[in-house]
Each structure stands twice: as C-alpha cells, then as structure tokens.
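Down below is the structure, laid out as structure tokens.
The values are calculated or read from the model by the stated rules, or taken from the named source; none is laboratory data. All of these numbers come straight from a predicted model, not from anything done at the bench. Ideal geometry is used to build each Cβ from the backbone, glycine not excepted, and the neighbour counts take in all protein chains shown. Each accessible area value is taken on the protein alone, full model and side chains, heavy atoms only, with ligands, DNA and RNA left out. Shrake-Rupley method; radii C 1.70, N 1.55, O 1.52, S 1.80 Å.
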Amino acid sequence: MKRGIRKYILFLVVFAVTLDAEFDKNNSLIEFYGLSDDKINIVIKDNIDIEGEVTSAGSIALKDNIASENAFIIQKLIDANYNIAGKANLSEWANFRSEESVSGWSSLGGQTTHYLFNNFNPCGSSSGSAVAVASGIVDIAIGTETNGSISCPSSINGIVGMKPTVGLVSRSGIIPISKTQDTAGPMGKSVKSVAKTLEVISGYDPDDPATSRIPDNFVFDFYSDLDNANLEGKRFGLLDSNNSSDEVKRLHNVLISFIESRGGLVIRFDDLRRYPGDDEYFLLKYEFKHGLERYLADANSQMKTLKEIIEFNEVNKEKTMPFFDQGIFYSSLELSEEHERYKKALQVLMETKNQSLNILNEYKLDAFVGLTRGPAWKIDYNGGDRVAAEEVPSFGSGGFAAIAGLPHITIPFFQIGRFPIGVSLIGEEWSEKKLIELAYVFEQENEYELYSGGNKSKHGCKINLLPPKGRFKTSYQIFSDCDTSKAIVPLYKAKPNYPRRAQANGIMGYSIIEFDMLENGATANQKVVETWCGNVGYDGKLYWFQEKDGYINWARDSNGEKLYLPKGAYDPIPCEFFNKSSLDAAKKLQYKNEYGFPISGLKHKFTYIMEGQSFKKQ
C-alpha cells in the first residue's frame, strides 16, 4: 500500500475516534478506516488479512501481524467496488481459546456489546461484524464461521447471516480453526445485500483446495431472481420439532402457518441423528494447531507456533486472561499428534453429514427450517457464556449444518422479550441460490418483523387494529417498519382541551408508549419510553408554549403552584399531559392477535398536532 494512502487512512482512524464517541457505542470495530460516498462500505472481521493492516484475531499476541497482501476475498471485494470501512472486533481467537469465554470480548478490542443493550452479549465469534450492521455503521460485513459464528450473532442482533457451503468461499488469508468446517460469509441488513456480496466473494482460489469442489455448472447469480421467489410447492423439514418448550411450540406454529399460507408444506420428520459433539470438538482442536501454524509460517508476526502464543499469554495474563483461561489452546497442543483418532473423527462427521443429506433426499425437502438461536443473554465475566446462556430460552438449528459443511442462512423473524430471533434455512451443498430466494420470501412477506437499528424491513409489523372502545374514532394503525420516528395515520381525534392558538399544523410534542400485546389482543404493561415536548425549557422541565393575550390562573408549575403570567407572555403546557393522554389511549387499543401468544416490546408514537380549531393525536 502506498505511503500516502496509509497516512490518509491513519488520519481517518484518529478523526473518527475523536469526532463522535457515539459513532460506535457498542464497540463493534477494532479499527475504522472511513466511509465512502460512492462505494459499498463493508466491515471485515479481524481474522482476515487486509494489506498493510494488522490481522489480530482479537489477540494482543498478534498485534504485530501486519498483512503483506490481501486475503483472496478482500481483493475480490476491492475489485468489485467495495470500500473496506474497518476491521470488526470478534470473540478472541474466534471463541476458540477457553470453554469459559465471553463472546464479543478480545484482549485487543475489548467487549463488543449487543446493539440494543450494553449489558447483553452479542454472541460470537463474528460479534463486531453483526453489531456494526445492526447498529447502522454499515449495511454489510464479513464474518467467519466454524460452528455458529455467523448464524448466532446474526440471529441475536436481528440481521441476515449467510454461512455458505464449505468450499464456496476461499479461506486463504484467514486465520483458521478448522479446514473441515471453516468458511467466511456475508452478514447484512437485507437478503439482497447478502446475496450481492456472496456473489462477489465466491469462487475458485488455487490457494484453497476446498474451492476446487465447486461444481462446474454452479450458478453464482444469487440476486437477479429474488423478486420472483415464492414458497409455492416448496417442502420444508422442521428442525427440533419435538421441543417441549411452550415458547418454541408457539413460534413453530407461527412458522408453519406462514409457510403453509404461502403454498409451502412443512414436514415433521423423525430426526434420529446423533450429534457427534465429542468427535467434532476433538477434530477442531486437532486441526487448529496445524492450521494456525501454517498461517503463521507465512505471516509477519513474531509468533510462529501455538506454544509461543500460549507462553505469551501466560507472561501477559493480566491483559490476555483477565476473565477466562486458554484451556482449549493447551488441549489443542496436547491432541495435535493423535492422527489415528483424527481419521476416525473425520469418518464420524462424514457419516453424520450423510444422515443429513439422506433426510433431505428421503423427504424431498427443499430445505430444513427452524429457529436459529435463543435470545441474547447478559454478559457474565464470572461464568462466561455457558453459564449466562442458561438464563434464557435455549434452542438452536445450525450444529448439523456446521459439521456437514452445508449452507445455512438466518433471517430475522421473531422476538422473545425485546430480542430478535432468527429463522434458519439449511440446504444441501451448493444450494445457496435456492436458500437465498426462499429467505427473501421470508424476509419480505412475514407479517411480524422486527426492527433492527436503522435496518427496516419492507412491510413492517402489520398488526391489524380493531376499533378501541370509548369515544375515539379509529381509522387503522400500522407499525411503520416498527419505526417510531415515522408519522402514521391519525389514530383518533378529539376536541381541544388546550389553548387554541398555535402554529398551523405545528407539532406540539409526542410520547412513545411501549406495551405488550396479550393473547386476546388487549394491551398491558404500558409505559412511557420517550417524550419530546415543544419549544423550550421552563423551571427545569420541558414545556410547549403558546402565546396568550390575557392572564391565566389555571396553569401550574412543576411544584403545583399556580402561574400568573402577564399579557403577552406564554402559557406553559406540561409534557406530563402528553404522557398521561398517550397512556390512556394505549390502554384502549385492541388488536387482532393472529399469533395466539403474547408479543412484548411493541411501541406506538402518539404525536400531538394543532390543526385548526382542534388538535389530533397520531
């Protein structure tokens, strides 16, 4: 990289950090290089080589590992007019250092947090990639997955994530865990953005033998047919269909209704597969040492062996291991010579892969379908993810796809509490085009969609409103992309009980009410989550003010004292009026709940506008 460009990028990094502390409030990035106005901005997980930049895997042990050239997929992105906007933080060593690890934490990048709440975990290991998209820094990012590292953070942060068939995307220039299971993949705000990016990064690389398996007739066009996609006649095998959780059963019922109402068929099959967890875990540990040392042999880091990294971590343990150990590293070192056991593990995983393919063929399935992962859990530095995740509903669909190298795409579809839940579609090898088209239908036509930061779906939440009881006249309501910043149609009108002189059609203020929708469509647990009130502050509180021609004796200040204001002064209208009126209105709302289970965390924005001789609430 030319020296002048390096200086410019360095300036952008410093400028971005000092410009706005809120720019990356969830700490999704290790480095920020700058955004482009005319290219597609993309963030790259920091285990992928970018020429002239550090590739750290989140570890300070590799802080000197400046890449001499771009990874194969990075060069393809640059050639396709993508702007590399930054490096994403990740779970250190792609979550393969300790069984007590905390996802999203690295010794170099610190803790990445869930895009909604800073005390919740974003899952990993592609934590920063998911959060950078969910929080609106970029529309697309690259993550990597061995088992769950794209699908889990995508689901938990409410974005689209695509784990391709192992071999469709090159791994050269990427710090590895497992040559058997590793792949890079796109993570984006929409199926279309993911489809476009997968088209770019896919393809044969002579430096990655796995890419030689791509069929000669493989169709790399994932994007152009999306608008013609449908579920008519498609067959889906329901994963985890025997789960006894009432929550899972309810979500499964919604999922089945969605598919069947669009002409698809859901098959409940007998899943007799045994998950080979011990064999997989051994295989990953065995391959990790050998793959890592092959990468380090050509890297610029002083570290050349796993043993050297272990020793570095022990010497610098206050920085490298403040929360969890490196037990997986020690185990990998110990198991790396058990060659015969490795051959047996490969055979077991191949048999399990064949079982998955046999189910797809026997039931003539277009895809498996299931819930990707349970909701986000709180960050816990004492027990790690394994302990913290026990506090939330637990389910998952991606394990068999990971060990078999099968393609897996997750799409935001549900929520539990206030957290996103993705739906997974998994197919046979090289079925990316079909899966992406199916996923597009799920994304575009689902009637209950979650908002995700700045990433809005096409149709929004679309929950039908029945007329509320009482004196209010209702037209209809739509949760406009679940985005409370957008105006919606008037919910009801009322005679003014305010002073009537106001700016024509001027916005007086608004209240945003959060509530739960019950099974019978009624609302409950209403609370004010945001208020904005008019023009100026008065006696330490916000008020909307209107010019007044005479004295008043009805207004009161925040202490309840009457206000007597001279002619030409302003009448203060307290914001508490908006909140009380909005809460009363929210309690009267009645919905047609077609899902049969409560939905929490819905929001409605009541905007107060003066209109002629009356005001209306929207």
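Taking a cut-off of 18 Å, what percent of all Cα-Cα pairs in the range 275-338 are separated by more than that?
43
Give the calculated FRET efficiency between LYS319 and TYR275 to the nearest 0.05, with a Förster radius of 45 Å applied to their Cβ-Cβ distance.
0.80
My understanding is that a pair violates if its Cα-Cα distance is over 21 Å; which of LYS39/LYS76; LYS63/LYS319; LYS87/LYS433 do that in this structure?
From LYS39/LYS76; LYS63/LYS319; LYS87/LYS433, over 21 Å: LYS87/LYS433.
So which trypsin sites (Lys or Arg not before Pro) in the range 348-441 end up in coil per DSSP with only 10 or fewer other C-beta atoms within 10 Å?
Numbers: sites: LYS353, LYS364, ARG373, LYS378, ARG386, ARG418, LYS433, LYS434; in loops: LYS364, ARG418.
When the trypsin sites (Lys or Arg not before Pro) of the range 348-441 are filtered for loop state and at most 10 Cβ neighbours within 10 Å, LYS364 remain.
Suppose the chain between GLU351 and ASN242 were pulled fully straight at 0.36 nm per residue; how much longer would it get relative to their current alpha carbon spacing?
Result for the pair: 36.9 nm of gain on full extension.
For the modelled label position 7 Å from the Cα of ILE66 along Cα-to-Cβ, which residues of the range 81-103 have backbone nitrogen atoms closer than 18 Å?
Counting backbone N atoms under 18 Å from the label point, the list is 87.
How big is the accessible area of SER172 in square angstrom, nearest 10, if you roll a 1.4 angstrom probe over the protein chains?
Approximately 30 Å² of SER172 is accessible to the 1.4 Å probe.
Skipping prolines and chain starts, which residues have an amide H placed within reach, meaning under 5 Å, of the one on TRP430, given they are 5 or more residues away or on another chain?
THR165
Hey, what do the phi angles of the range 152-165 turn into as Karplus ³J(HN,Hα) couplings, whole Hz, using 6.51/-1.76/1.60 and θ = phi - 60°, x for Gly and Pro?
Working through the residues one at a time gives 5, x, 5, 5, 5, 9, x, 10, 8, x, 10, 9, x, 3 Hz.
Under a Cβ-Cβ cut-off of 13 Å, what is the net charge of the residues other than PHE419 that fall near it, where Lys and Arg count +1 and Asp and Glu count -1? Numbers along the way, then the final one.
Numbers: positive: ARG373, LYS378, ARG418; negative: GLU247, GLU391.
Surrounding charge for PHE419 is +1.
What residues from the range 59-73 fall in the zone where the backbone N is under 11 Å from a label point 7 Å along the Cα-to-C-beta line of ASP207?
Inside the label zone: 68-73.
At VAL387 and GLN590, where each label point lies 7 Å from the Cα along Cα→Cβ, what is the point-to-point distance in nanometres?
Placing both labels 7 Å beyond Cα along the Cβ direction yields 4.9 nm.
Got a sec? Which residues in the range 407-425 would a label at GLU530 touch, if it sits 7 Å along Cα→Cβ and we count backbone N under 17 Å?
The answer is 418-419.
Quick check: Cα centre of the range 174-211 to Cα centre of the range 127-168, how many Å?
Cα centroid to Cα centroid, the span is 11 Å.
Give the distance, in whole Å, between the Cα centre of the range 24-66 and the Cα centre of the range 392-431.
Each part's Cα centre sits 26 Å from the other's.
Check LYS378: other-chain or 5+ apart residues with amide H under 5 Å from its amide H, H built from backbone geometry?
Long-range HN contacts for LYS378: ASN121.
Rounded to two decimal places and with Rh computed the Kirkwood way over Cα pairs, what is Rg over Rh for the range 371-419? Spell out each step's value before the answer.
Details: Rg = 12.8 Å, Rh = 12.4 Å.
Ratio value, two decimals: 1.03.
Quick one: length gained pulling ARG268 to ASN358 fully straight, 0.36 nm per residue minus the C-alpha distance?
30.9 nm
So what's the net charge close to ASP139: Lys and Arg +1, Asp and Glu -1, counting the other residues with Cβ under 11 Å from its Cβ? Present the calculation step by step, with values, prior to reporting the outcome.
Values: positive: LYS189, LYS192, LYS196; negative: none.
Within the 11 Å Cβ shell, the charges total +3.
Dividing the convex hull volume of the Cα atoms of the range 11-133 by its residue count, what figure in Å³ per residue is obtained?
107
In a shell of Cβ-Cβ distance under 9 Å around GLY396, excluding GLY396 itself, what net charge do Lys and Arg (+1) and Asp and Glu (-1) give?
Overall, the nearby charge balance is 0.
Return the long-range amide H neighbours of ILE416 (sequence gap of 5 or more, or a different chain), with a cut-off of under 5 Å between placed amide H atoms.
The list, which skips near neighbours in sequence, is ILE421.
Quote to one decimal, in nm, the extra length available between ASN217 and GLU338 on full extension: 0.36 nm per residue of separation minus the C-alpha distance between them.
Fully extending the segment from ASN217 to GLU338 adds 39.7 nm.
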